[in-house]
Every structure is written in structure tokens, then in C-alpha cells.
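A.B. asks: Here it is, the structure, as C-alpha cells.
The values are calculated or read from the model by the stated rules, or taken from the named source; none is laboratory data. Bear in mind the structure is a predicted one, so any value in this text is a computation, not a measurement. We place every Cβ from the backbone using ideal geometry, glycine too, and count neighbours over all the protein chains shown.
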There are 4 protein chains.
Amino acid sequence: MKSIAYIENMATWREEFSFSIPIKIRFSETDMFGHVNNVSAFTYFEEARIEFLKSLNLFSKETEQNGVPVVADLQCDYHKQMYFDDRINVYVKAHQVGTTSVDLHYMAINAVDAICLTGRGRLVYVNRHTGKPVPLNDDVKRLLMKG
Amino acid sequence: MKSIAYIENMATWREEFSFSIPIKIRFSETDMFGHVNNVSAFTYFEEARIEFLKSLNLFSKETEQNGVPVVADLQCDYHKQMYFDDRINVYVKAHQVGTTSVDLHYMAINAVDAICLTGRGRLVYVNRHTGKPVPLNDDVKRLLMKG
Amino acid sequence: MKSIAYIENMATWREEFSFSIPIKIRFSETDMFGHVNNVSAFTYFEEARIEFLKSLNLFSKETEQNGVPVVADLQCDYHKQMYFDDRINVYVKAHQVGTTSVDLHYMAINAVDAICLTGRGRLVYVNRHTGKPVPLNDDVKRLLMKG
Amino acid sequence: MKSIAYIENMATWREEFSFSIPIKIRFSETDMFGHVNNVSAFTYFEEARIEFLKSLNLFSKETEQNGVPVVADLQCDYHKQMYFDDRINVYVKAHQVGTTSVDLHYMAINAVDAICLTGRGRLVYVNRHTGKPVPLNDDVKRLLMKG
């Protein structure tokens with residue numbers, strides 16, 4: 001497996017995930033090359049990210065006073081092709097929690113337990129009205145690191 | 001060409017269009033069957049519909065007091081496959097203007113002037129707050145029938 | 001509920017469905033109006049259609065000698081808005097089976113059992129190489145009418 | 001502007017682009033937050049990448065004997081929100097050409113000349129049948145570095 005800047009040790013890294021959602025690859029997500037279009041990886045990451053935040057009660061009207069999450073960057077490494085009708089699991093974990101942001105890591109595993117996608121991306125919490133970053137409170141930080 | 005309920009005479013029907021937008025088929029809009037996924041037709045219709053309404057000044061903050069357009073139904077007949085990199089023109093016209101709604105017709109033409117898609121769909125104007133249909137004023141009706 | 005050409009009696013029509021798939025509305029399927037983009041309805045129909053055909057063993061390499069299914073037309077009536085995170089069930093049934101084609105009907109039901117979408121569309125079976133319609137054999141017809 | 005690992009000097013980096021394609025933001029690419037969904041950035045990059053390769057005659061049936069391009073990784077930094085109807089220009093350049101791969105950089109500029117997106121991703125050329133990386137010939141390398 002190729003070397004990836006955000007993964008120090010693949011075995012350890014993989015074991016640190018616990019939260020995941022199932023995704024079934026849709027027909028409209030394939031392209032004329034016969035497999036899943038590259039763009040769809042980021043849709044899967046988005047679904048997994050939102051479910052992860054919801055599971056921690058960090059994606060709701062109530063928590064908006066603590067700032068809304070905005071995607072600052074996203075990246076994906078493609079390891080194995082995925083095909084129509086594949087069932088994958090998309091994992092998410094908080095890799096690092098900063099003052100106003102969190103670095104989330106992603107991994108997609110197929111039915112034979114092989115890694116199809118790995119990725120990461122930073123979420124910044126910003127004030128809905130001013131657009132400025134807001135500090136994460138300690139409860140939120142604790143939730144994210146446990147997640 | 002097959003018979004289609006909303007087209008009485010294909011030659012006449014085709015000539016009645018004047019407004020169109022160009023669309024270049026994107027790679028991500030193809031699917032594993034090698035041509036454009038069926039779903040994309042409705043994205044093209046949507047882009048054409050909005051540009052048509054904008055050209056008549058019927059899609060803007062200012063005109064919202066006259067109601068916002070809501071799609072009541074949509075349909076599409078598939079005549080010819082479209083492929084990655086094809087350049088098509090998507091035409092729109094108002095077929096019939098009612099008290100609170102307008103029936104729009106659609107046609108997509110490829111580079112060799114063949115019809116790839118035909119379609120139609122009704123837009124209802126509704127009050128943004130109550131969700132109830134609002135009557136189109138005479139200016140709007142006139143604009144739509146000219147469009 | 002509005003009158004729809006392909007539905008004679010809504011109560012009867014609704015009862016005739018048995019096959020369905022669950023769909024969870026994705027964040028990326030919403031648009032700036034705050035609810036599901038109209039185009040996504042056809043993605044849901046496509047997923048339901050393919051699963052329906054697969055459940056009858058009519059969507060596989062083995063059955064391709066009997067022709068491949070091609071979408072001839074599609075239509076959708078929008079009854080209720082759907083929102084991010086909604087869980088809907090999308091139903092499919094064969095309404096009418098012809099010599100070389102089948103008319104499929106669709107219905108999407110939300111969590112409070114209300115109809116969000118209804119629709120229909122004709123599938124034609126064509127020879128993969130010639131593109132010409134091929135007659136459905138009696139086994140296939142029987143499967144479709146039971147489905 | 002935030003610091004980005006793949007950009008040493010933003011002013012120099014920006015000046016090195018010359019190839020670009022225009023993109024008009026579609027309504028269906030917005031989400032319920034009112035602006036462009038994050039995923040769409042990668043659709044724009046894909047369109048720009050393919051047009052860039054086509055402009056160098058590196059995306060065609062004829063050049064497939066030299067290997068087909070496969071996306072190894074992709075990343076995007078989000079600088080400014082984009083909205084429905086925005087017209088942006090998406091730039092591409094080859095940043096580094098290796099033995100079997102090329103590192104492409106991306107930049108999206110809005111109508112007031114502000115950077116909305118920056119990104120990068122590596123394309124590997126692989127043999128269509130074996131899936132193994134194939135060396136880029138000198139002509140291709142020269143074309144990519146000029147592009």
C-alpha cells in the first residue's frame with residue numbers, strides 16, 4: 001500500500017476507527033469507466049461525517065450556538081475501485097481537535113474487508129452570523145475525541 | 001418517432017421553441033452503461049427552466065412577492081442516447097398558462113440536430129409563507145406566453 | 001390529492017405495491033430551497049427499479065440474452081417536500097406488461113405514511129447489439145406481473 | 001489566506017496557470033446551507049482535468065496504448081463560498097511529472113477574481129488490461145509540462 005502523509009501506521013490507524021455507516025453504491029454513481037466516479041467518495045464522506053456529528057449531538061439546531069461546522073479542506077486517496085451494488089462501510093474518527101477546528105479521518109471498507117478509500121479533512125466551527133471561527137467548548141472537544 | 005401525449009405534431013411543436021441554453025455533457029453524468037445517466041436529463045431541464053424564467057425576470061428576489069415557482073410534476077421521453085462530451089441545446093417554452101401555474105415543455109437537440117430528449121412539467125406559483133397557490137398576474141402571463 | 005392520469009383510484013393503486021427499498025435522504029441531495037432537489041426523485045426511482053428487477057432476477061449478466069432494459073420515459077408527481085435525513089420507502093410495481101416493454105409505477109412514502117412522490121415509466125427490452133426491441137418471454141412476463 | 005502544503009508562494013503559484021474552463025454553478029449543486037455543496041468542487045476539477053488532457057491530446061482512444069489515466073488521490077481547500085449562478089473559471093496545470101504519474105494542481109476563480117478553491121491530485125497512467133502503471137513517454141511528459 002502506498003505511503004500517505006496523514007497515516008503513520010496503517011494497521012494502528014485502521015484500528016482506531018469505531019463509528020461507521022453502511023453505503024450501498026448506486027447505479028447513478030458509476031461512470032462510463034464502469035466503476036464508481038471519483039467524485040462520489042466525497043458524498044460518502046459527507047454522509048459519514050454528518051452521521052458522526054449527529055451521533056455526538058453536534059449537528060443540530062440546539063448546538064448551533066456553539067458554531068456551525070464548515071468544511072475547510074477535504075482529501076481522498078483511492079485504493080481500490082468500487083462497483084455498482086457494492087456495499088461498503090464508511091468510517092470516521094476525530095484525529096485531532098484544535099481550538100476552533102477538528103481534523104476528521106475517513107476510511108471505506110468493502111465487503112471483503114479491503115480498504116477502498118482513505119481520507120481526511122478539517123472542519124472549522126464558525127459563528128453563523130459573523131463567519132468567524134468560534135472556540136470549541138470542552139464538552140464538545142471531549143465528545144469528539146471519544147467519538 | 002414514437003407518439004407522445006403532450007406533442008400533437010412534432011414538426012410544429014419543435015418550431016415553437018426559441019429559448020435555449022447550451023449544455024456540455026459531463027463525465028460524471030455518464031454511467032456504467034457508457035452513456036448519460038437517465039437522471040441527468042432532469043438536471044438539464046432544471047437549468048434550462050431557471051434560465052428561461054430568469055430571461056423573463058421571473059426568477060429573482062423582486063418577483064417573489066408574486067409567488068415562488070414550485071415544480072408540481074416532470075416527465076421526460078428519451079429519444080437518443082447522449083454521450084460524454086456531447087454538446088446539446090436544451091429548449092424551453094411555455095405551452096399553457098393557467099391561473100396559478102404554467103406548463104413548460106422541453107426539448108434537447110444534439111450536434112447533428114437530432115432530438116435526444118423531450119419533456120414537460122407544470123410549475124405552480126405558491127405563496128412562500130402559506131404554501132398556497134397564488135394567481136399569476138397578467139404581466140407574468142403575457143411574459144410567459146411570449147417566452 | 002390532485003388527479004393524476006396514471007392513477008385511477010389512489011387507494012387501490014397504493015395497495016397494489018409490495019416491493020420497496022428504504023432510502024435515507026442525503027445532505028448533498030438538498031438544494032438552496034432547503035428541501036430535496038427535484039432531480040433526486042429520479043435517482044430514488046432508479047435505485048428502486050434496479051432492486052425490483054434484481055429481486056426478479058431480471059437484472060444480471062445471465063438474463064442479458066433476453067435483452068437489456070432501456071428507459072423509454074419517466075415521470076414524477078411531487079406531492080410533499082422531503083428533507084435532509086428523512087427516511088422514505090420507495091415502492092415499485094409492474095403496472096402493465098407489453099410485448100417488448102413493461103410500464104413500472106413508483107411511489108415514495110415518508111415516515112408518517114404520507115405519499116411524497118408518485119411516478120411511472122416504461123422500460124423497453126432491447127437487443128444489446130442491434131438496439132432493437134426484443135419480445136419478453138413468458139417467464140419474464142409472469143415474474144413481472146407477480147413482482 | 002491560510003497556509004497550504006502544496007502551495008509555496010500563492011502569488012507565483014497562481015501565475016503559473018494558463019489553461020482554464022468556465023463553469024456556471026447549477027441550482028442542483030447548491031445544498032440546504034444556501035451555497036455550493038462541497039462535493040461539487042471535485043466535479044468541477046474533473047471537468048477541468050479532462051479538458052486539460054484533451055487539449056494536450058492525452059484523453060482519447062488513440063493515446064490509450066500509452067496507458068489510461070487513473071486518479072490516485074484528490075484534495076481541495078475551500079477558500080470562499082460559491083453560490084447558484086456564479087460563473088467561475090477552473091484552472092489546471094501540471095505541477096510535477098513523474099515516471100508513471102503527474103501531479104495536477106487546480107484553482108477556481110470567481111467573477112471578482114477571488115480564489116474560491118485550490119486543489120491538487122495525482123494521476124497515474126496504467127495499462128488498461130493489467131492495471132499496472134506504465135511509464136509516460138517523453139512526448140507526453142513534454143506536453144504535460146508545457147500545458
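A.B. asks: Applying the selection to the range B:11-58, what residues are on the phi < 0 side of the Ramachandran plot, polar (S, T, N, Q) and at pLDDT below 95?
C.D. replies: Correct list: B:S55 only.
A.B. asks: Within the range A:108-136, can you find the residues that are more than 16 Å from A:R14 (Cβ to Cβ) and surrounded by fewer than 13 Cβ atoms within 10 Å (Cβ to Cβ)?
C.D. replies: Within the range A:108-136, A:A111, A:R128, A:H129, A:T130, A:G131, A:K132 qualify.
A.B. asks: Follow-up. Quick one: is D:Y125 aromatic (F, W, Y) and within 16 Å of D:F59 (Cα to Cα)?
C.D. replies: Here the answer is yes, as D:Y125 does meet what is asked.
A.B. asks: Now, a different point. Name every residue in the range A:1-31 that is within 14 Å of chain B (Cβ to nearest Cβ), assigned to a loop (DSSP other than H, G, I, E, B) and either of a type outside the set (D, E, K, R) or surrounded by fewer than 10 Cβ atoms within 10 Å (Cβ to Cβ) (or both), in order of residue number.
C.D. replies: Within the range A:1-31, A:I25 is the sole residue that qualifies.
A.B. asks: Right, here's the next one. Taking the range B:90-147 only, how many residues are within 15 Å of the chain's Cα centre (by Cα) and not charged (D, E, K, R)?
C.D. replies: 26
A.B. asks: Can you tell me which residue in the range C:37-48 is surrounded by the most Cβ atoms within 10 Å (Cβ to Cβ), limited to those that are in contact (Cβ under 8 Å) with a residue 12 or more places away in the chain and either more than 9 Å from every other protein chain (Cβ to nearest Cβ) or of a type in the set (D, E) (or both)?
C.D. replies: Per the stated criteria, the residue is C:Y44.
A.B. asks: Exactly one condition in (1) free of Cβ contacts under 8 Å to residues at least 60 places away in the same chain; (2) touching an Asp or Glu at 6+ places or on another chain (Cβ under 9 Å); (3) surrounded by 14 or more Cβ atoms within 10 Å (Cβ to Cβ) is false for D:K54; which is it?
C.D. replies: (3)
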